């Protein structure tokens, strides 16, 4: 039997990859907290999903754009789940130094 939060993350990831951000909105709690800096983020794929009753994590690949610069990066994204909705998101990048360089001029 597949954990329900794995199914939740699969549906959420499918909505994100469809290119329509509005399709992902129903997955978010009304008081969602997202821990991530500014930029344009494009999901490229999900490698794996892990889940428990209160959290899920995805191993993903994203393309990040800032101005004329682009970075393809592997990420671990951790989600806190409450009542079958995403309540909080933490993003950790595999190559933090490259990500920091991309955002070095951000205020």
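Laboratory data are not the source of any read-out in this text; all were calculated from the coordinates shown. Small disclaimer: the values here were computed from a predicted structure and weren't measured. Neighbour counts are summed over all protein chains in view; Cβ atoms, including those assigned to glycine, are modelled from backbone coordinates with ideal geometry.
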Worksheet item: When ranked by the protection proxy of mean other Cβ atoms within 10 Å per residue, highest first, what sequence do the peptides 9-18, 80-89 form?
Response: 9-18, 80-89
Item to complete: Measure nothing but the geometry: give the 0 to 90° angle between the long axis through the Cα atoms of 4-17 and the longest principal axis through the Cα atoms of the chain, rounded to 10°.
Response: 40
Worksheet item: From the list (i) 1.23; (ii) 0.91; (iii) 0.97, can you say which value of Rg/Rh (Cα atoms, Kirkwood Rh) was derived from the structure given?
Response: (iii)
Worksheet item: Which percent, nearest 5, of DSSP beta bridges in the range 4-102 are antiparallel?
Response: 90
